Amino acid sequence: MSQHSDTRYRDDDVKAALRACRQHFVFAFAFGCFVNVLLLASPIFMMQVYERVLPAKSWETLVALLVGLLIAGGANGIFQWVRGALLLRASARIEGRLADRLFAVVVQRSASGVGPANAQLVRDLDSWRQFVTGKGGLAVMEMPWGFLFLGILFVLNFAIGVTAAICLAISAAATIVNSVLTKRALIKANVVGNASYLFSEATTRSAGAVLGLGMLDAVVARWRRERNKALQEQLIASGRGVLLSSFLGSARILMQGTLLAVGAVQVINGEVPFGVVFAAIFIFNFAMRPIDQVIGAWEAYHPVKEAMGRIDEALSRSPRPEINLQLPRPSGAISCQDVTFIPPGGDRPVLKRINFHLAAGESLGLVGLNGSGKTTLARLLTGSLRPSAGTVRLDGAELHQWSNHEFGAFVGYLPQSVSLLPGTIADNIGRFGRFSDDDIIDAAQRARVHDLIVRLPKGYETSLDDSSMLSGGQRQLIALARAIIGDPALVILDEPNANLDGPGEAALVACLESLKERGTTVILITHRPNLVVHLDHAAVLRDGMLVSFGTTQDVFKQLGRPTVVKRVEHARD
């Protein structure tokens, strides 16, 4: 993809989200101005007490100054609250602009094999959003005020201003040195930490195998090694940060003492009133606040920068689908024309020049050994993968001409790895609200799983969050109902009988017959030919190539297995 298109998509997503929050940031900065101006109430109060209240012993002036200080403090609190509320709204708007889009990209990347099968990008968005509208954003907004407060010190007294400037320069230099020393350690800690998180997620997904195979101790030891690497890098980076904080804490005491000493000299020389010295200490601390905020934000900056890079890369490589003219409902005719597929990052094709055509309402059994490319072809036929070369067409139109939402209304798919989502059985069969209750029940009946569902304590409202209540075969039949709901024009079934027993396989055969009666085009993928004999056509995949295609009878004869066809046909008779 060209650099031009990368920039275009970044502008459409991340920068557009920031532009949508521009007013929030502008007003937050404006209220931050009021907050910082009102901070001057304390040093002004102190100066007035020393210059007016104490020499004149005026109770009235003291009370008036206290009232003014209380009003300024209350207003300061209100303005800080408003600024925080504006930044929270900006955070919510960024979430609304990017979260759904990014989650869709996570699913698309996982389906296409170009990204990790986890929600790392969503966590990245949370980190970046919280940083931009939190520590990072506030540090940027507060930075100019450090120079303004330093300028006020020069106005009060040039010598005090010079002393404060030197102290601030030392603090800034220490912060820069710390950033250089900790940058590499922070980056490495983040990379190693992510590796340990990915390993823990993969382990929890395979928890049954880990325990069943007695691998728990070995897996925990491996996780601990990964965790220790991350911990070591974090300790290095954090240790340097603690060193800087300790240095600045001690240095600040010395700086304040130095500033007080210079101020005392100025008082002795009659250059400034006594109250100015104490007011200068307050203002110096205000000038140090931006440096403190930068230090607080620095530790989060590099992980957030990397997170932003991952978000940027994902969005730039996953352009928004173009809005095409809505095509009519397809009849189900499907064809592959010279389809070749090379996986991302690979150099060898998994599929090579696949060609076949099915008319509407016809059925195809695709057989082949494990690793022959059957599942990859299924994903190409459903549009979750795009061919590296060639085209897949439904009713003559390439698959990408349909939106994913529109395409899903016409096509049913049962993947090899049955994956039911957290929710109820009705949610899963009905594709989370896409189909009506009548459609859900009709699909369950045609998949011969309705009776099983209604016998459950909560029926269709049974939650699938706990997958242990259903067997693999029951889950596969529920996924079959999800695939055939809504009278699709094309249904693709990848190893649909992998977990089925005798009655379950009979239910699958009956479902195939009902699809045939409705005129649905069916592609059934398996490495076992016992179901293929019920279909119109058969094809054989070997090493990514279609080595045989034709009527089921002819293909079985080529395979030297005509007796299988006769035996099954006799059983059906």
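Each Cα pair under 8 Å and six or more residues apart adds its separation to the average, and for region 394-478 the resulting relative contact order is 33 percent. For the set Thr204, Thr521, the ranking by accessible area, highest first and with no ligand, DNA or RNA atoms included, is Thr204, Thr521 under a 1.4 Å probe. Using C-alpha pairs under 8 Å with a sequence gap of at least 6, the mean separation divided by the residue count of region 320-421 gives a relative contact order of 33 percent.
What does the net charge come to around Ile440 if you take all other residues with beta carbon closer than 12 Å to its beta carbon, with K and R at +1 and D and E at -1?
Result for the neighbourhood of Ile440: -2.
Counting only Cβ charges, +1 for Lys and Arg and -1 for Asp and Glu, the dipole size of region 229-348 around its Cα centre is about 200 debye. With the whole protein complex present, Lys135 retains an accessible surface near 120 Å², based on a 1.4 Å probe.
With all protein chains in place and ligands, DNA and RNA left out, the 1.4 Å accessible area ranks Cys336, Cys33 as Cys33, Cys336, largest first. As a fraction of the 1.4 Å probe accessible area of the chain, surface on carbon and sulfur atoms comes out at 60 percent.
Other residues with beta-carbon under 12 Å from the beta-carbon of Ser171 carry, at +1 per Lys or Arg and -1 per Asp or Glu, a net charge of +1.
For the chain, the per residue solvent-accessible surface stands at 51 Å², with DNA, RNA and ligands left out and a 1.4 Å probe. For region 455-534, the spread of Cα positions along the three principal axes, ordered from largest to smallest, is 36, 27, 18 Å.
In 10 Å bins starting at zero, report the fraction of Cα pairs in the chain per bin as a rounded %. Result, from short to long distances: 3, 13, 18, 18, 14, 11, 9, 7, 5, 2, 1, 0 percent. Computed with a 1.4 Å probe on the full set of protein chains, the accessible area for Ser250 sits at about 70 Å². Most tightly packed first, judged by the mean number of other beta-carbon atoms within 10 Å of their residues, the peptides 451-462, 287-298, 165-176 read 287-298, 165-176, 451-462. How much solvent-accessible surface does Val522 expose, in Å² to the nearest 10, with a 1.4 Å probe and all protein chains in place? So the heavy atoms of Val522 present about 10 Å² to solvent.
Measuring spread by the Cα atoms of region 393-478 yields a radius of gyration and Dmax of 14.4, 47 Å. Hydrophobic long helices, here whole DSSP H runs in the chain with Kyte-Doolittle means of at least 0.5 and Cα atoms spread over 30 Å or more along the helix axis, are found at 59-112, 135-156, 158-205, 274-316. Computed over neighbours whose Cβ is under 15 Å from that of Ile281, the net charge equals +2, Lys and Arg +1, Asp and Glu -1.
Taking every Cα-Cα distance in region 124-237 and sorting them into 10 Å bins starting at zero, the pair-distance distribution P(r) comes out as 12, 23, 24, 17, 12, 7, 4, 1 percent.
Taken over region 254-366, the ratio of Cα radius of gyration to 2.2 N^0.38 Å equals 2.67.
Sorting Asp217, Asp487 by accessible area puts them as Asp217, Asp487; the probe is 1.4 Å, largest comes first, and only protein heavy atoms count. Computed on the chain, with alpha-carbon pairs under 8 angstrom and 6+ residues apart, the relative contact order is 14 percent.
The values are calculated or read from the model by the stated rules, or taken from the named source; none is laboratory data. None of the values given here were measured: they were computed from a predicted structure. Reconstructed Cβ throughout: ideal geometry from the backbone, glycine too, with neighbour counts over all protein chains shown. Each accessible area value is taken on the protein alone, full model and side chains, heavy atoms only, with ligands, DNA and RNA left out. Shrake-Rupley method; radii C 1.70, N 1.55, O 1.52, S 1.80 Å.
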